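Undergrad: My structure is below; once you've seen it, I'll send some questions.
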Amino acid sequence: MCGGVVKNFISIAFSAIVMVVLVLVPGSVAFASLTPTFNQTINAGSLTASINQSGDTTPVSNPTVSFPAQNYSFSCSTSTAALGDSNDLINVTNLASGINTWNIALAATGGTSATWTGTVHSTDTYAYNNTAGSGCTYGDLTVNPSVGTITMDCNSSCSANNSTVSLGASAPFNGTTTPSVTLMSDTAGTAWEGYVTGINLSQTIPALTPSDSYTLPMTITLSHT
């Protein structure tokens, strides 16, 4: 009889402990954090230049500029062409931080010692950077970016920055004095994207330059401060 009372007491006491535990455990959840932190990363952009196809998204794998054929002649001649057209857009995109100014410039890939060189006879050459005799003595190439057209390509978010982007001035290549010609530049370095087309090229060709197909590899360089 006494043992039964003890058992009942223990059972009641154990049930009371379980009830206390069951009551206390749900109460502890009220102290969990209800203030989540959201995280978002914006990756840094870059400053790039490229020659793109129409649509300004796909780079041109092998851009070329073809000057019209000239005749073998006793006289100096001038051949003109354009750098940048609807299928060769000279693009600059600036999404980089810490850029103060940038510019793109044109120069001969082989430097100031480079020449127009015949593909049939490599000994057939004439200059691209010698102003002697107004270019007629050895040959000279004048680049005139000022007649080109700048097209902004970055919607209204950068339209206010368009006023600081400008075309370079017309200039002849001239030995080490003018080894490169600026095509386009920006004095502010703010976020911008666009392209230039219609840069005039004018090459003087000396009299009696041998008949051949000539090439002159060129490089457009992007620099910034």
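Where a number appears in this text, it was derived from the coordinates with a stated rule and is not lab data. Here the structure is a predicted model, which is why all the values come from computation and not from measurement. Positions of Cβ are generated from backbone atoms using ideal geometry, with glycine treated the same way; all protein chains shown enter the neighbour counts.
Undergrad: Would you please state the base-10 log of I(q)/I(0) at q = 0.10, 0.16 1/Å for the chain, with intensities from the Debye formula using one equal scatterer on every alpha carbon?
TA: -0.59, -1.10
Undergrad: Return the calculated 222 nm mean residue ellipticity for the chain, to the nearest 500 deg cm²/dmol, obtained by summing -39500 (n - 2.57) across DSSP H runs with n ≥ 4 and dividing by the residue count. All intermediate terms of the calculation are to be shown ahead of the outcome.
TA: Numbers: 1 runs with 27 residues, N = 225.
About -4500 deg cm²/dmol.
Undergrad: If one computes the Cα centroid of the range 37-95 and of the range 168-201, what distance in Å separates the two points?
TA: 12
Undergrad: Rounded to whole Å and sorted largest first, what semi-axes of the equivalent ellipsoid does the C-alpha gyration tensor of the range 25-156 yield via the square root of 5 times each eigenvalue?
TA: Each semi-axis is the square root of five times an eigenvalue, giving 56, 15, 15 Å.
Undergrad: Then there is this: Taking Cα pairs under 8 Å and at least six residues apart, what relative contact order does the chain come out at, in percent? Numbers along the way, then the final one.
TA: Values: 451 pairs, mean separation 63.4, N = 225.
Relative contact order here is 28 percent.
Undergrad: Same structure, new question: Mind checking which of Ser113, Ser180, Ser61 has the largest fluctuation in a GNM of the chain, springs on alpha carbons under 10 Å?
TA: Ser61
Undergrad: Would you mind computing the Rg to Rh ratio of the range 102-225 from its alpha-carbon coordinates, Kirkwood style for Rh?
TA: Details: Rg = 16.9 Å, Rh = 15.8 Å.
Result: Rg/Rh = 1.07.
Undergrad: Another question about this same structure. With a sphere of radius 13 Å drawn around the Cβ of Thr57, what net charge do the other residues whose Cβ falls strictly inside it have (Lys, Arg +1; Asp, Glu -1)?
TA: That works out to -3.
Undergrad: Another question, then. Taking the Cβ-Cβ separation of Asp85 and Ser46 as r and a Förster radius of 22 Å, what is the calculated FRET efficiency to the nearest 0.05? List each step's numbers first, then the result.
TA: Details: r = 26 Å, r/R0 = 1.18.
E between Asp85 and Ser46, to the nearest 0.05, is 0.25.
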